[in-house]
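A.B. asks: Below is the structure I would like to discuss, written out as structure tokens.
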Amino acid sequence: MTPSPAAGPLAGLRVIDAATLAAGPLVATWLGEFGAEVIKIEQPDGGDPLRQWGAQRDGVGLMWKSLGRNKKSVTLNLREEAGRDLLRRLARSADVLVVNLRPSTLERWGLSYDALAPEHPGLVMLHVTGYGAGGPKSDRPGFGTLGEAMSGFAHMTGHPDGPPTLPAFMLADGVAALTATYAVMMALYHRDARGGAGQLIDVNLIEPLARLLEQPVLTYDQLGEVPTRMGNRWDISAPRNTYRTSDGKWLAMSGSAPSIAMRALRAVGRPDLTSEPRFAEAQQRLKHAPEIDAVMAEWIGAHTLDEAMAVFEEAEVAAAPIYDAPQLLADPQLTARDVYPTLSDDELGAMRVQAPVPRMSATPGGIEHLGAPLGAHNDDVYGGLLGLSSAEITTLRDRGVI
């Protein structure tokens, strides 16, 4: 069991997660792991689509269980003015509001930052969209796949003779969420440590990932060259690839530092190549990457994964096995760090999820509970926080507002 987040560094902060799917809700998840109170707003008719996303067990979405951790789930129909009024009341009590509606929808519903800030100048509002505010596409819907395409990621991923390749996980959403999380923390620091006001944070699904992929733009801008797909190779490092072992498994290797590349050559029995200009000098080594790849592939292909890793670990070569899910759970390093703790859950009994990633010595993150059933905290939030009576809550429920 991970530590309780109640005493985390963000204890006392209230976050209203009124976004759907991945990027915005991920920000709220990470803030909630370190003590923030997170109130998850969901439409009464089905909730966040993330509940139905991906693998299910007995009709329960597994991804929701992890991403919904520590959140209070309340239902609220934002298509109704009464529902929007409740959101405004919740926002007035909050430090952070996370939304991902189209800009025109926020304006039409009276939920834009300009509409909310006069009543709560300290509010930090995070608006995550596909394309960002301003520009001809600002009001178009967007998903992570579009960000992975337009950021340049898909163009650079895959084999040279193959198609642009998309990731099988929420890469653009995740990178956008990481960017947005530190933006929220900067905004809170500006407000709380510097005496500033709240502010609007504008994050889209393209620019954060493009920022990590800036090298092709730099290369084109300065050299007029358009980098293309290279498979598992990379034109700044050699050897750098995935290699199949004799027992049908795979390992990955990186020779980004010259000293590591030389260790790799010595480890596979080719110390003679460490003095050859083709391989000893970094830029020449890149030009002859296919040759050094062939040397590595031949040696690794003649050894089992365990044999190869034993040699590389002894020689302090940067190599690692390529894991699937069972291997992740069985790895002794990850097991020692309790990366995948088992948590009890009312719906699934027990479930392993990944623990909070930053390990903080004084204020560790934690998981109090996994994703809750839809509307499980309606009475707690509407009654306890907003002070509505049981009769008022019942009336709102009967009217389809909550």
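A.B. asks: Got a sec? Which of 376, 372 is open to solvent by less than 20 Å² (accessible area, probe 1.4 Å) and in contact (Cβ under 8 Å) with a residue 40 or more places away in the chain? Step through it out loud before you land on a result.
C.D. replies: Details: 376 fails: open to solvent by less than 20 Å² (accessible area, probe 1.4 Å).
Going through 376, 372 in turn, the sole match is 372.
A.B. asks: Is it fair to say residue 264 is touching a residue at least 40 places away in the same chain (Cβ under 8 Å), farther than 30 Å from residue 26 by Cα, open to solvent by less than 30 Å² (accessible area, probe 1.4 Å) and out of contact with any Asp or Glu (no Cβ under 8 Å at 6 or more places or on another chain)?
C.D. replies: Judged against the criteria, residue 264 is a match.
A.B. asks: Tell me whether the range 312-320 contains one or more residues that are under 21 Å from residue 232 (Cα atoms), surrounded by fewer than 19 Cβ atoms within 10 Å (Cβ to Cβ) and not aliphatic (A, V, I, L, M). So that I can check it myself, show each step before the final result.
C.D. replies: Of the residues in the range 312-320, the ones under 21 Å from residue 232 (Cα atoms) are 312, 317-320.
Within this subset, residues satisfying the condition of being surrounded by fewer than 19 Cβ atoms within 10 Å (Cβ to Cβ) are 318, 320.
Adding the requirement that they be not aliphatic (A, V, I, L, M) leaves none.
No: zero hits.
A.B. asks: Moving on to the next point. Which condition number does residue 97 fail, the rest of (1) crowded, with 24+ Cβ neighbours inside 10 Å; (2) out of contact with any helix residue (DSSP H, G or I) (no Cβ under 9 Å at 6 or more places or on another chain) being met?
C.D. replies: Here residue 97 meets the rest and fails (2).
A.B. asks: Additional query: All but one of (1) under 24 Å from the mean Cα position of the chain (by Cα); (2) closer than 19 Å to residue 69 by Cα; (3) exposed (fewer than 12 other Cβ atoms within 10 Å of the Cβ); (4) of a type in the set (Gly, Ala, Ser) hold for residue 361, so report the exception by its number.
C.D. replies: (2)
A.B. asks: Next question, about the same structure. Just one of the numbered conditions (1) exposed (fewer than 12 other Cβ atoms within 10 Å of the Cβ); (2) in the same structural domain as residue 35 (by the TED database) is not true of residue 356; which one?
C.D. replies: Here residue 356 meets the rest and fails (1).
A.B. asks: Check residue 188 against each of (1) in a helix (DSSP H, G or I); (2) open to solvent by 50 Å² or more (accessible area, probe 1.4 Å) and name the one condition it does not meet.
C.D. replies: Answer for residue 188: the failing condition is (2).
A.B. asks: For residues in the range 246-256 being part of a loop (DSSP other than H, G, I, E, B) and open to solvent by less than 40 Å² (accessible area, probe 1.4 Å), which is nearest to residue 230 (Cα to Cα)?
C.D. replies: Let us first name the residues in the range 246-256 that are part of a loop (DSSP other than H, G, I, E, B), namely 246-249, 255-256.
Those still in the list that are open to solvent by less than 40 Å² (accessible area, probe 1.4 Å) too: 248, 255.
Working: 248: 23, 255: 16 Å.
Looking at residues that are part of a loop (DSSP other than H, G, I, E, B) and open to solvent by less than 40 Å² (accessible area, probe 1.4 Å), I get 255.
A.B. asks: Looking at the range 286-307, I want the residues that are modelled with pLDDT of 95 or more and have a partner that is of a type in the set (A, V, I, L, M) and assigned to a loop (DSSP other than H, G, I, E, B) with Cβ atoms under 7 Å, at least 6 apart or on another chain. Which pairs are those?
C.D. replies: 299/268
A.B. asks: Quick check: is even one residue across the range 164-185 without any contact (Cβ under 8 Å) to a residue 40 or more places away in the chain, in a helix (DSSP H, G or I) and under 24 Å from residue 118 (Cα atoms)?
C.D. replies: yes
For every residue, the table says whether it meets (1) closer than 15 Å to residue 102 by Cβ; (2) outside the structural domain of residue 9 (by the TED database); (3) in contact with an Asp or Glu (Cβ under 6 Å, 6 or more places away or on another chain); (4) among the aliphatic types (A, V, I, L, M).
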{"position": "127", "(1), (2), (3), (4)": "yes, no, yes, no"}
{"position": "135", "(1), (2), (3), (4)": "yes, no, no, no"}
{"position": "138", "(1), (2), (3), (4)": "yes, no, no, no"}
{"position": "157", "(1), (2), (3), (4)": "no, no, no, no"}
{"position": "188", "(1), (2), (3), (4)": "no, no, no, yes"}
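A.B. asks: Name the residues in the range 212-245 that are touching a residue at least 24 places away in the same chain (Cβ under 8 Å) and open to solvent by 90 Å² or more (accessible area, probe 1.4 Å), would you?
C.D. replies: If the condition is that a residue be touching a residue at least 24 places away in the same chain (Cβ under 8 Å) and open to solvent by 90 Å² or more (accessible area, probe 1.4 Å), then 212, 217, 244 are the ones that fit.
A.B. asks: For the range 267-305, give me each residue that is more than 19 Å from residue 233 (Cα to Cα), surrounded by 12 or more Cβ atoms within 10 Å (Cβ to Cβ) and among the acidic types (Asp, Glu).
C.D. replies: The answer is 276, and nothing else.
A.B. asks: For residue 154, are the conditions met, namely being modelled with pLDDT of 95 or more, of a type in the set (Gly, Ala, Ser) and touching a strand residue (DSSP E or B) at 6+ places or on another chain (Cβ under 8 Å)?
C.D. replies: Details: modelled with pLDDT of 95 or more: yes; of a type in the set (Gly, Ala, Ser): yes; touching a strand residue (DSSP E or B) at 6+ places or on another chain (Cβ under 8 Å): no.
Against the criterion (modelled with pLDDT of 95 or more, of a type in the set (Gly, Ala, Ser) and touching a strand residue (DSSP E or B) at 6+ places or on another chain (Cβ under 8 Å)), residue 154 does not qualify.
The values are calculated or read from the model by the stated rules, or taken from the named source; none is laboratory data. Note that the structure is a prediction, hence the values are computed from the model and not measured. So basically every Cβ, Gly included, is an ideal-geometry build from the backbone, and we count neighbours across all protein chains shown. Note: areas computed on protein heavy atoms with side chains; ligands, DNA, RNA excluded. Shrake-Rupley method; radii C 1.70, N 1.55, O 1.52, S 1.80 Å.
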